[in-house]
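Presented below is the structure to which this report refers.
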Amino acid sequence: MELQEARRTLVVPGEAFAEGEYKILTPSYVIRLDKRYVATVVGLAQVNDEAKEISIIPLEGCYIPQPEDVVVGYVVDVGLTSWELDIRAPFTATLYAVDFLGRPVNPAKEDLNNYLTIGDTILAKVEVFDRNRGPIVTTKGKGLGKVVRGTVIEISPVKVARVIGRKGSMHQILEGETGCEVIVARNGRILANCPNRELEDILIMAIIKIDREAHIPGLTDRVKEFIIREKVKRGLIGGETKTD
């Protein structure tokens, strides 16, 4: 027997939206006061009375780094032994030259502008972060480093989970229906490499649709239908193509 769907309601910070005994799936966005559950963000509260679970999908908020997060950053400052990156957080991130180059550098003999300069785009992973200092990122890892091709699309960082979808369902649709390679960074920057400009345009419109409609049920099916309609409209596929 399948569990019933969760009840959904829009909530604001300080609003109590459930009472009783529930498991909190999103502890960053919900606090418990006695037996009442209170929202800490503007978002879509989901209450499943049968599974006894509650959660909130936030609709606004900034990016707070976490270790192991993959992020897209822009070089905003070049130092003697490191670069500073804008990763859409309240603080810039540090990328050390020894990490990026894989060897020590001699500031007296080397100018880091020869390797990365202001405005360059970097795909990196958060290595260390605590609230007493800015995050440190690394480019060690498969696919990480300077971005030399592709388009960056920005959405609200709190909508990233919707672009990925449950068990990666939305991400699979975006890639499968457009043929684009889509890297969804945790800081709300999405790196896309598409076969052509028309498919890139469709992908961008689909991602904007997700960003705007993240709180509305049935989003995955609507996005798939939207992409297919756009491909038909542009003559990229025939009009008899099925959506299932």
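What separates the Cα centres of region 160-174 and region 95-112 is a distance of 37 Å. Under a Gaussian network description of the chain, with springs only between Cα atoms under 10 Å, the residue in Ala39, Ala18, Ala161 that fluctuates furthest is Ala18. Each eigenvalue of the Cα gyration tensor of region 70-146, multiplied by 5 and square-rooted, gives one semi-axis; in descending order these are 19, 13, 12 Å. Put simply, the amide H of Thr26, placed in the peptide plane, has neighbours under 5 Å in Ile56, leaving out anything fewer than 5 places away on its chain. Applying a length cut-off of 18 Å (Cα extent along the axis) and a mean Kyte-Doolittle floor of 0.0 to the DSSP H helices of the chain leaves 197-213. Footprinting exposure proxy ranking of Glu19, Glu200, Glu213, Glu177, fewest other C-beta atoms within 10 angstrom first, gives Glu19, Glu213, Glu200, Glu177. Using the Karplus relation 6.51 cos²θ - 1.76 cosθ + 1.60 with θ = phi - 60°, the per-residue 3J(HN,Hα) values for region 88-104 come to 6, 9, x, 9, 6, 9, 9, 10, 7, 4, 4, 6, 5, 8, x, 7, x Hz, with x marking Gly and Pro. Between rounded, prolate and oblate, where does the chain land on the alpha carbon gyration tensor, with a ≥ b ≥ c its root eigenvalues, rounded for a/c under 1.5, else prolate if a/b exceeds b/c? Note, shape of the chain comes out oblate. For region 70-146, the relative contact order works out to 34 percent when only alpha carbon pairs closer than 8 Å and six or more residues apart are counted.
For the pairs Lys52/Lys159; Lys209/Lys231; Lys146/Lys233; Lys140/Lys209, flag any whose C-alpha to C-alpha distance is greater than 26 Å. Beyond 26 Å: Lys146/Lys233; Lys140/Lys209. Once the chain from Val98 to Lys146 is taken as fully extended at 0.36 nm per residue, the excess over their C-alpha distance is 15.8 nm. For region 32-118, trypsin sites (Lys or Arg not before Pro) meeting the loop criterion (DSSP other than H, G, I, E, B) and having at most 13 other Cβ atoms within 10 Å: Lys35, Lys52, Lys109.
Coordinate-derived values only; no laboratory data. What you are looking at is a predicted structure, and each value in this text was computed from that prediction instead of being measured. Here Cβ is always computed from backbone atoms with ideal geometry, including for glycine, and neighbour counts include all displayed protein chains.
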